[in-house]
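These notes concern the structure reproduced below.
What follows is calculated from the coordinates using simple rules that are stated; it is not laboratory data. Bear in mind that the values here come from a model prediction, so they are computed numbers and not experimental data. Please note: Cβ atoms are built from the backbone with ideal geometry, for glycine as well, and neighbour counts cover all protein chains shown.
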Amino acid sequence: MLQYPMSQYFRIHPDNPQSRLIHQAVDIIHAGGVVAYPTDSAYALGCHIGDKHALERVRMIRRLSDDHNLTLICRDLSELGTYAKVNNSAYRLLKHATPGPYTFILQATKEVPKRLIHPKRKTIGLRVPDNNICRAMLMALNEPMMSTTLILPDAEYPLSDPAEIRELLEHQVDLVIDGGFGGLESTSVVNLEQDLPEVIRQGCGDLKIFGG
């Protein structure tokens, strides 16, 4: 695997993120960087939505196949609706479940770069995380960020200790954001392509709202 210069390491307050560090993180993302950051479930890897090289680096770290559903994290429901085709029944569920630790599989719109779309099903994963650091980054970015759970190849659980993330990935990512210990459980994944929601991975969050 290619080695990159040692990553930067920002300690960002989980309740009151420091604006200076958030904007520095966003500058790194805009410059093509790959960032390890906390969410409301587990830690994740993120990069700019339009950066092909950064996406390939994320795929390499995770050893993802081309048909792995990637995720866009969005600021809110209206932004999610720009990148996915949302019918009335899906909208009602999304309004109830966001922000929260859920990833929703929906048909992608033309706003989504083709390299992020599932090649056969033309779907994209979308989520609105309930995490102050994520929210601050997305507000500063002014657009969604490409994201995937930070679980290493052959690992059973996502990485949760930012110090360990730094140790393992310090030459593979450009920035590690320490927002405290993360969870050991990924998001629940819910397919909303049809009228009835289908839970395809049980993880964080209450699934009763989807009939689960």
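A compact table of results
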item: Per-residue ³J(HN,Hα) for segment 102-116, Karplus 6.51 cos²θ - 1.76 cosθ + 1.60, θ = phi - 60°, Hz, x for Gly and Pro; result: 10, 10, 10, 9, 9, 5, 7, 8, 5, 6, 8, x, 4, 5, 8
item: Estimated distance in nm for a label pair at Glu198 and Glu167, the labels positioned 7 Å out from Cα along Cα-to-Cβ; result: 4.2 nm
item: Extension gain (nm, one decimal) between Met6 and Glu111, 0.36 nm per residue minus Cα-Cα; result: 34.4 nm
item: For Gly180, residues with placed amide H under 5 Å, excluding near neighbours; result: none
item: Those residues of segment 172-199 whose amide nitrogen sits under 20 Å from the label point placed on Leu207, 7 Å along Cα→Cβ; result: 183-199
item: Percent breakdown of C-alpha pair distances by 5 Å bin, ordered from the shortest bin, for segment 74-174; result: 2, 11, 19, 20, 19, 16, 9, 4, 1, 0
item: Relative compactness, segment 131-210, computed as alpha-carbon Rg over 2.2 N^0.38 Å; result: 1.31
item: Taking only Cα atoms of segment 63-122, radius of gyration then Dmax in Å; result: 11.9, 36
item: Count, lysine Cα pairs under 25 Å in the chain, 8 or more residues apart or across chains; result: 17
item: Computed magnitude of the charge dipole of the chain (debye, nearest 20; Cβ of K, R +1, Cβ of D, E -1); result: 700 debye
item: Selected from Met145, Met137, Met60 as most flexible by GNM, with the chain as the system and alpha-carbon contacts under 10 Å; result: Met60
item: Ala31/Asp66 FRET efficiency (R0 25 Å; Cβ-Cβ; nearest 0.05); result: 0.45
item: Per-pair calculated FRET efficiency, R0 = 35 Å: Lys120 and Ser89 via Cβ, rounded to 0.05; result: 0.90
item: The chain, helix-only ellipticity at 222 nm - DSSP H runs n ≥ 4, -39,500 (n - 2.57), divided by all residues, nearest 500; result: -8000 deg cm²/dmol
item: Karplus 3J(HN,Hα) series, Hz, for segment 156-161 with 6.51 cos²θ - 1.76 cosθ + 1.60 (x for Gly, Pro); result: 8, 10, x, 5, 10, 9
item: Top of Asp40, Asp154, Asp76 by mean-square fluctuation, Gaussian network on the chain, Cα under 10 Å; result: Asp154
item: Prolate/oblate/rounded call for segment 5-125, Cα gyration tensor, a/c under 1.5 rounded; result: oblate
item: Inter-label distance for Gln24 and Glu56, nm, one decimal - labels placed 7 Å from Cα along Cα-to-Cβ; result: 3.0 nm
item: Per-residue HN-Hα couplings for segment 66-79 [Karplus 6.51, -1.76, 1.60; θ = phi - 60°; Hz; x = Gly/Pro]; result: 5, 9, 6, 5, 8, 10, 9, 8, 10, 5, 7, 5, 5, 5
item: DSSP beta bridge pairing in segment 8-210, given as percent antiparallel to the nearest 5; result: 60 percent
item: Residues whose placed amide H lies under 5 Å from that of Ser186, excluding near-sequence neighbours; result: Cys204
item: Fraction of the pair-distance distribution of segment 8-210 above 31 Å, Cα-Cα pairs, percent; result: 11 percent
